[in-house]
Every structure is written in C-alpha cells, then in structure tokens.
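Working notes for the structure below.
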Amino acid sequence: MTSDQSFRLGVLGSGRGSNFVALADAITAGSIPAQIATVLSDVAAAGILEQARQRQLPAQFIAPGKFRTKLDEEAERAYVLALQAARVDLIVLAGFMRVLKGDFLRAFEGRIVNIHPSLLPSFPGLEAWKQALDQGVKVTGCTVHFVDAGVDAGAIIDQQTVAVLDDDTAATLHARIHAAEHELYPKCVAAIARGEILVQGRRVIRKVG
Ligand code: GAR
C-alpha cells in the first residue's frame, strides 16, 4: 500500500481502548497510511466503542454468545460478516479478550494482529504484567504478533522492552507497558499497511528500501 488511506482496518477490543486511540491518533497524524473501517466490541459499554463514536467512526457491539473466553458459532459468524461488509484488509486486536477460533481465523488468515503486554513467549494469557512481577523478571514489555490458533502464539512482528523497577506495583508496571504499547502498535500497523512486512515461517522480516 502507498501513502493513501485505502488500507482498511477493523479494530476489535473489549476494554477502555487506549491502543485504539493511539492508532486513531497516528492515522490522523498521517503516520499510518490506513483508515479505520469499523470498530467492534464484545462488551456493550466498552470504552473503545465510545472512543470510536467520538471520532465518528462506525462502532458496533456484537454479543459474544454463550461462552466466556471465545465467541460462539453464531457470534463468530456475525463478526466475520461485519468485518467482510467493512471490507477490512487487516484485523487489529486491541485488547480483545476472547480467543479467535476456526472459521474466523480461516476467513482472515494471515491478516489478524494482536498486541500483548509481555515479551512473548513469556507470560501469555491474562494479566501478563502481574505474571512478570510474580516471576521477578527485570525486563518485560509488549509484543505485536500475527494471530494463529494458539493463545498469544503467532509469529512475532516486533517487541518493545520495559524495565521492571524495584518499587513497581502491578498498576505502575502495567501503566508503563501500556505507554510502550501505544508507541509500538502504530509503528507495526504502519509497516503492514505500507507492505513492508514479510513473513517467513515464524520469522517476520522488515523489508528495507
Ligand atoms: C492492552 O494492554 C493489551 O496488551 C491487552 O489488553 C490491554 C487493552 O488495553 N491485551 C491482552 O492482554 C491480550 N492478550 P486498551 O483497551 O487500553 O487498549
């Protein structure tokens, strides 16, 4: 893709949407050659929907169905249809707290990215910053990766480190990881939108020149 905005993003989130805001601001600033085509959430009151509506972007709650950690079949179909209707080129998970499965992954193979608050493969799953504190590591961070059938397991696009300080609490460490996420995610999405990313098995290479 060139520097126009024809590359279309579908953003999915369940929470307050600070990564969505970082992406939307980067697009407005001209640093990501893309547009946000739709924002979807499994949580009706999620901040991410409010943030999207404030920016006059299409935003929709789609009920997740009967399971706690994934979408049920009907919900999965509804998400796929909404994203296809929005003609998205890339699905950007920004704090979407459900694991995506079979039909969803098949519909958008190789076109789904996620951000996770640790240096994967360390600390997959929930509350990764707490896992890092409990384990006593001195460096943690965040990871942007392609999504595959595993949990926080796909090929790694890029990572940013965050030091763990002696007086860190879960809240202070989480806040610094969030700040790192807001720098890393827009850079990665911009590189994908520009067609600079090459996937070779588990290795993701940045094309230069
Ligand atoms: C982010 O820290 C993101 O890394 C995490 O949810 C938060 C969403 O914050 N995602 C995961 O843990 C996925 N495994 P936000 O709603 O403010 O962007």
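The values are calculated or read from the model by the stated rules, or taken from the named source; none is laboratory data. On a predicted model such as this, the values are computed, not experimentally measured, just so you know. Note that each Cβ is placed from the backbone with ideal geometry, even for glycine, and that neighbours are counted across all protein chains shown. With ligands, DNA and RNA removed, areas are computed over all heavy atoms of the protein, side chains included. Shrake-Rupley method; radii C 1.70, N 1.55, O 1.52, S 1.80 Å.
Brief remarks follow.
- Under conditions of 37 °C and 0.692 mPa s, the range 81-180 yields 229 µm² s⁻¹ as its translational diffusion coefficient, taking Rh as the Kirkwood radius over Cα pairs in the Stokes-Einstein equation.
- Take the chain with all the other protein chains still there, run a 1.4 Å probe, and you get 49 Å² of accessible area per residue.
- Extension gain, Asp72 back to Glu183 (0.36 nm per residue minus Cα-Cα distance, nm): 36.7 nm
- Entry note, the chain: the mean residue ellipticity at 222 nm calculated from DSSP H runs of n ≥ 4, each adding -39500 (n - 2.57), is -10500 deg cm²/dmol after division by the residues and rounding to the nearest 500.
- In the elastic network of the chain, a GNM with C-alpha springs shorter than 10 Å, the most mobile of Arg16, Arg111, Arg77 is Arg77.
- Global geometry of the range 29-78, whether rounded, prolate or oblate, following the gyration tensor of its Cα atoms and the 1.5 cut on a/c: prolate
- The range 27-48 and the range 173-199: distance between their alpha carbon centers, rounded to Å: 14 Å
- Residue (of Pro64, Leu83, Gly141) at the positive-pole extreme of the chain, dipole from beta-carbon charges: Leu83
- Lysines whose Cα lies under 26 Å from that of Lys70, excluding same-chain neighbours fewer than 8 positions away: Lys101, Lys130
- Averaging 1/r over every pair of different alpha carbons in the chain and inverting the result gives a Kirkwood radius of 17.3 Å.
- According to the calculation over all Cα-Cα pairs in the range 1-64, the P(r) per 5 Å bin from zero is 4, 20, 30, 24, 13, 7, 2, 0 %.
- Cα shape, the range 62-127, gyration tensor, a/c 1.5 rule: oblate
- Using 0.36 nm per residue and subtracting the Cα-Cα separation, the extra length available between Ser31 and Gln56 on full extension is 7.0 nm.
- Simple spin-label estimate for Lys101 and Leu126 in nanometres, 7 Å along Cα-Cβ: 1.8 nm
- When the Gaussian network model of the chain links Cα atoms closer than 10 Å, the mean-square fluctuations of Asp42, Asp167, Asp89 top out at Asp167.
- Here the accessible area is traced with a 1.4 Å probe on the protein chains. For the range 49-104, carbon and sulfur cover 49 percent of it.
- Highest-fluctuation residue, His145, His116, His178 considered, GNM on the chain with Cα pairs under 10 Å: His178
- Share antiparallel - DSSP beta bridges, the range 56-181, percent rounded to 5: 75 percent
- Summed side-chain charge close to Arg8 - residues other than Arg8 whose Cβ falls under 9 Å, Lys, Arg +1, Asp, Glu -1: 0
- Surface composition of the range 146-209: carbon and sulfur make up 55 percent of the accessible area, probe 1.4 Å.
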